[in-house]
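For reference, the structure is listed below as structure tokens.
The values are calculated or read from the model by the stated rules, or taken from the named source; none is laboratory data. Since the model is a prediction, treat every value here as computed from it, not as a measurement. We place every Cβ from the backbone using ideal geometry, glycine too, and count neighbours over all the protein chains shown.
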Amino acid sequence: MSAGSGCVHDLLLFGSDAELVAAGWGFIADGIAAGDLVIAHGGEHEVGLLRDAFDDDPRVVFSPGKERYQQMMGTIGQYQRLCERETAAGRRVRAIGPVPFGEDPASRAEWMRYEALISRALGPYRFSGLCHYDTRTTPAEVMDLALAAHQNVVTADGVRRNDRQRPGSELLRALAPAYAPDALEDAPAVWGESDCAAPAPVRHGVRRALRDARVDGDQAEGFVAAISEVLSNALQHGQSPVQVRLHTNGRGWLCVVTDHGPGMADPWTGVDSPLPANPQPVGMGLWLARQLCDQLTITTHPTGGARISLRLSPTQPR
Amino acid sequence: MCKGEGVKGGERMEHLRDGLEDVSPSAWDGHHLLIAGVQEARPAMAAWAEAGLRRGEKMIYAADARHPSVERLVASLATSGVDVAPAADEGQLAVVDTARFYSTAGYEQLVAEALGRGYRGVRSYGGPHAAADVLGPAEFEEFERMLERMWTTRAVTAVCCYEPMMVAGAGELDQAVGRHSSGWSGHLVHAYRMDVGRLCLAGEIDVSNDDLLAAVLAAATRSAGAELIVDCGELGYMSVSGWRAALSATRPFRERGGRVRLVALTTTTARVLQMIGCAEAFELEPSS
């Protein structure tokens, strides 16, 4: 593992508590020695093991719980901001923990994309991620992805180069969402505009629909802001007519924005950091939108035309 | 065609109508710039007229193509749901020909007469479009300066309605904003100065009006001391482009050591500001 510049994304494989601690030890110890910002996240048990092994060292942020891992692009955005801040302080960010794939196929696919995106999204930063996978419980398809997405394999026996790693761009191509209507689109749109000229009427229409359905105000406003940014982008770069549709099944919400241009060349637009430390200048609107909704998907219609869909799964008000 | 096309005028100015009920009446006091097409300006003007009548003020309109006479003004306001016919009968509401309205002596006389009749205040409505018939650009500029004095010395409120195309040229928006010290409204947004160094922002900012926000903030920082306070409690939406505009418009001020304090941002607005990494440029305060 390099202590110099750049992003390092490695894989830790373990089959017991003892192996997790033995394999993770060096990563954390190196970070402490280098004065990095070290974060150990994940389940109570795993974080507890590492915390005990380091005697609750105050130089390590032990962070149990799923707080940092609610939504994949939210997690990436958080790391980008954290890296941005630490870069200014001259520090590397180091994170060790699991990826919350879950049982649900959609959630699993999304976190697989997360693994494939890390090298790209955090590429401009001094970031080291060590993702740990329990060999006893990880499903085969997830393990295949894990092996394809990481540079080195770390075990209790040491570090070795991962010879099954695939080029990031190839992996992302394979994981790009296919153009397909969402089940929520089976129901007719509850609101829509077939030829948008400006984002404001769309904000007002969507806001009203969410308010009528008693969606929590802050969640609704985040969704409205995400849609507004996507739409501004489509109006600026896409080709008219730009259409917006809002669908719901009473629980989840889906907003689909389409245009009639050639489509977007890169379905991962909005993943790269628009913050100052990234020397590549990229837009901020889609990047923000990706973090303000539960899932944002960019696809291209077989006959042309970009399609951006945004999902909101409101949680019940507490 | 957009589904909302038919109601766009109403929708665009929706917050202005609400704004008068929600925020203090001072939001429309003073020498105020309104950037809007004739149709768009309607709901705002209706709300403005209602507020003036309610407060017992004399309302003076410069005659223009839309309301060349008081009868036409009454009819126009009626389409916005405001009945000003009784007030017009009593003379509280008047349409004045442009030659009289747009001369310093004529205007001052109108104000003196109204106050002499016991009205609690005077508010007038005009703009460069109507003035163009009787004043050249330099004379209009001078007239605007006189309105500015009338506000500061005699508390006369004047709303000047500029068509968007009149401020589309380079620097024109900054000039128009600079001529009016009290407040500035446009498509979706209503901003007004509560005090020296204290600005109130209401409505929504996006790509369609972030240039107005930039002009307003630049003007506000020029007249502020060490600190500019921006009350954002009524700011319902701010796009990334809006934050970028706010950053660059306040940059010279901040680089001189000035502080920009944002008060009462909504949860989502504050969250977006933090997410895009611009929160450090400002001082944030939950509410005043």
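Considering only the stretch B:124-152, state which residues are over 20 Å from B:ALA27 (Cα atoms) and among the β-branched types (Val, Ile, Thr). Working first, answer last.
Initially, the stretch B:124-152 is screened for residues over 20 Å from B:ALA27 (Cα atoms), giving B:128-143, B:145-146.
The one that is over 20 Å from B:ALA27 (Cα atoms) and among the β-branched types (Val, Ile, Thr): B:VAL134.
Residues that are surrounded by fewer than 24 Cβ atoms within 10 Å (Cβ to Cβ), of a type in the set (Gly, Ala, Ser), in the same structural domain as B:ALA245 (by TED's automatic domain parsing) and modelled with pLDDT of 95 or more are absent from the stretch B:174-189. The residue that is surrounded by the fewest Cβ atoms within 10 Å (Cβ to Cβ), among those in the stretch A:226-246 that are under 9 Å from A:PRO199 (Cβ atoms) and facing chain B (nearest Cβ under 9 Å), is A:LEU235. If the condition is being surrounded by 18 or more Cβ atoms within 10 Å (Cβ to Cβ) and in a loop (DSSP other than H, G, I, E, B), then the stretch B:81-93 contributes B:VAL82, B:VAL84, B:GLN92.
For the stretch B:121-131, check the following and say yes or no: at least one residue is assigned by TED's automatic domain parsing to the domain that holds B:HIS32 and exposed (fewer than 15 other Cβ atoms within 10 Å of the Cβ). Walk me through it before giving the result.
Just the residues of the stretch B:121-131 that are assigned by TED's automatic domain parsing to the domain that holds B:HIS32, to begin with: B:121-131.
Narrowing further to those that are exposed (fewer than 15 other Cβ atoms within 10 Å of the Cβ): none.
For the stretch B:121-131, residues assigned by TED's automatic domain parsing to the domain that holds B:HIS32 and exposed (fewer than 15 other Cβ atoms within 10 Å of the Cβ): absent.
Condition (residue is of a type in the set (Asp, Glu) and either within 14 Å of another protein chain (Cβ to nearest Cβ) or out of contact with any strand residue (DSSP E or B) (no Cβ under 6 Å at 6 or more places or on another chain) (or both)) applied to the stretch A:171-182: is it met by at least one residue? Looking for residues that are of a type in the set (Asp, Glu) and either within 14 Å of another protein chain (Cβ to nearest Cβ) or out of contact with any strand residue (DSSP E or B) (no Cβ under 6 Å at 6 or more places or on another chain) (or both), one finds none in the stretch A:171-182, hence no.
Under the condition of being in contact with a helix residue (DSSP H, G or I) (Cβ under 9 Å, 6 or more places away or on another chain) and assigned to a helix (DSSP H, G or I), the residues counted in the stretch B:124-157 number 17. In the stretch A:249-299, of all residues being touching a residue at least 60 places away in the same chain (Cβ under 8 Å), farther than 22 Å from A:GLU110 by Cβ and more than 12 Å from every other protein chain (Cβ to nearest Cβ), the one that is surrounded by the fewest Cβ atoms within 10 Å (Cβ to Cβ) corresponds to A:PRO279. When the test is whether a residue is among the small types (Gly, Ala, Ser) and loosely packed, with under 15 Cβ neighbours inside 10 Å, A:SER313 passes it.
Based on this model, can you work out whether A:GLU221 counts as under 21 Å from A:ASP266 (Cα atoms) and either among the acidic types (Asp, Glu) or outside the structural domain of A:ARG120 (by TED's automatic domain parsing) (or both)? Full working, then the answer.
Working: under 21 Å from A:ASP266 (Cα atoms): no; either among the acidic types (Asp, Glu) or outside the structural domain of A:ARG120 (by TED's automatic domain parsing) (or both): yes.
When the stated conditions are applied, A:GLU221 does not pass them.
Return a yes/no flag: does the stretch B:208-219 have any residue that is in the same structural domain as B:ARG256 (by TED's automatic domain parsing) and of a type in the set (D, E, K, R). So that I can check it myself, show each step before the final result.
Filtering the stretch B:208-219 for residues in the same structural domain as B:ARG256 (by TED's automatic domain parsing) gives B:208-219.
Subsequent filtering for residues that are of a type in the set (D, E, K, R) retains B:210-211.
Scanning the stretch B:208-219 turns up at least one residue that is in the same structural domain as B:ARG256 (by TED's automatic domain parsing) and of a type in the set (D, E, K, R).
Scan the stretch A:84-99 for residues that are part of a loop (DSSP other than H, G, I, E, B) and touching a strand residue (DSSP E or B) at 6+ places or on another chain (Cβ under 9 Å) and jot them down. A:ALA89, A:ARG91, A:ARG92, A:PRO98, A:VAL99, listed by residue number. Within the stretch A:195-223, if we keep just the residues that are under 15 Å from B:THR266 (Cβ atoms) and within 7 Å of chain B (Cβ to nearest Cβ), the residue that is surrounded by the fewest Cβ atoms within 10 Å (Cβ to Cβ) turns out to be A:ASP218. Screening A:PRO64 against (1) assigned to a helix (DSSP H, G or I); (2) out of contact with any strand residue (DSSP E or B) (no Cβ under 6 Å at 6 or more places or on another chain); (3) of a type outside the set (A, V, I, L, M); (4) within 26 Å of B:VAL272 (Cα to Cα) leaves a single unmet condition, (1).
Considering B:GLY233, B:GLY203, which residue is at pLDDT below 95, more than 13 Å from every other protein chain (Cβ to nearest Cβ) and in contact with a strand residue (DSSP E or B) (Cβ under 9 Å, 6 or more places away or on another chain)? First the steps, then the outcome.
Numbers: B:GLY203 fails: more than 13 Å from every other protein chain (Cβ to nearest Cβ).
Sole residue among the options that is at pLDDT below 95, more than 13 Å from every other protein chain (Cβ to nearest Cβ) and in contact with a strand residue (DSSP E or B) (Cβ under 9 Å, 6 or more places away or on another chain): B:GLY233.
Quick grid of which residues meet (1) out of contact with any strand residue (DSSP E or B) (no Cβ under 8 Å at 6 or more places or on another chain); (2) of a type in the set (A, V, I, L, M, F, W, C):
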| position | (1), (2) |
| --- | --- |
| B:TYR125 | no, no |
| B:ARG145 | yes, no |
| B:GLU148 | no, no |
| B:TRP151 | no, yes |
| B:THR157 | no, no |
| B:LEU188 | no, yes |
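Of everything in the stretch B:255-281 that is touching a Ser or Thr at 6+ places or on another chain (Cβ under 8 Å) and either exposed (fewer than 15 other Cβ atoms within 10 Å of the Cβ) or more than 15 Å from B:CYS200 (Cα to Cα) (or both), the residue that is nearest to the other protein chains (Cβ to nearest Cβ) is B:ALA281. Considering only the stretch A:155-190, state which residues are surrounded by 14 or more Cβ atoms within 10 Å (Cβ to Cβ), more than 28 Å from the chain's Cα centre (by Cα) and without any contact (Cβ under 8 Å) to a residue 60 or more places away in the chain. Answer for the stretch A:155-190, where residues must be surrounded by 14 or more Cβ atoms within 10 Å (Cβ to Cβ), more than 28 Å from the chain's Cα centre (by Cα) and without any contact (Cβ under 8 Å) to a residue 60 or more places away in the chain: just A:VAL190. Based on this model, can you work out whether B:GLY197 counts as surrounded by 21 or more Cβ atoms within 10 Å (Cβ to Cβ) and among the small types (Gly, Ala, Ser)? The answer is no for B:GLY197. Taken together, B:GLY186, B:GLY121 contain a single residue that is within 14 Å of another protein chain (Cβ to nearest Cβ) and within 19 Å of B:ASP29 (Cα to Cα), which is B:GLY186.
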